[in-house]
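Here the structure is laid out as structure tokens; the discussion comes afterwards.
The values are calculated or read from the model by the stated rules, or taken from the named source; none is laboratory data. Bear in mind that the values here come from a model prediction, so they are computed numbers and not experimental data. So basically every Cβ, Gly included, is an ideal-geometry build from the backbone, and we count neighbours across all protein chains shown.
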Amino acid sequence: MTLLNKICSLYNGLLKNHLVLVQSVQTGILCGTGDIIAQTVAEKKSLRDINLHRTGVFVALGSGFIGPTITIWYKFLSRTLGDKGKYIALKKVAADQLLFVPPFQICLVSAINTLQGRDFEFTKDQLRLKYTDILIAGYKLWPAVQIVNFYFVPLGYQVLVVQCVALFWNSYLSWKTQLGIETQ
């Protein structure tokens with residue numbers, strides 16, 4: 001058995017026995033990586049100037065909120081709408097983008113600001129200024145990703161697929177939520 005086969009076998013076993021935990025850990029890692037990309041590429045910071053608190057916020061959000069929430073949501077969609085077929089995939093995308101994403105983005109932007117020590121009024125202002133842009137940007141990316149994800153990818157791997165794409169989305173989200181904010 002090759003090393004890659006062993007890694008895949010271990011990963012599949014962990015997914016089978018600890019789905020939410022595995023999805024949460026990998027989401028946290030990818031969220032933190034997305035923030036580092038935002039800081040080094042979009043904001044042109046050197047590695048030694050990275051705001052580690054901010055990166056920690058993204059790791060914590062990925063592990064403690066995004067990963068578990070998305071995993072449970074995808075399981076709910078599968079149980080409620082089914083797993084196979086193009087119409088089921090389209091129903092899942094519609095439910096995901098219309099019912100889940102709008103409130104999820106509000107919670108996410110609020111949590112980012114709260115964990116960075118910002119008060120309620122500041123968070124409300126940030127939502128007023130940035131929520132629509134974030135939602136529209138997401139609608140340009142995620143429906144196409146989710147059609148492929150829900151149609152072709154087995155449930156256990158759907159969060160991983162989304163989080164691989166979200167590596168870039170998280171970079172955008174990190175940059176957008178920090179845009180125009182003085183570093184503390």
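Key figures
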read-out: Test: residue in the stretch 110-124 that is touching a residue at least 40 places away in the same chain (Cβ under 8 Å), loosely packed, with under 13 Cβ neighbours inside 10 Å and over 14 Å from the mean Cα position of the chain (by Cα); value: yes
read-out: Among (1) touching a Ser or Thr at 6+ places or on another chain (Cβ under 8 Å); (2) closer than 23 Å to D35 by Cβ; (3) modelled with pLDDT under 95, the one test that F104 misses; value: (3)
read-out: Unmet requirement for P154, which otherwise passes all of (1) under 16 Å from the mean Cα position of the chain (by Cα); (2) loosely packed, with under 14 Cβ neighbours inside 10 Å; (3) under 29 Å from Y11 (Cα atoms); (4) not aliphatic (A, V, I, L, M); value: (1)
read-out: Residue in the stretch 71-80 that is under 18 Å from L115 (Cα atoms), surrounded by 18 or more Cβ atoms within 10 Å (Cβ to Cβ) and polar (S, T, N, Q) present; value: no
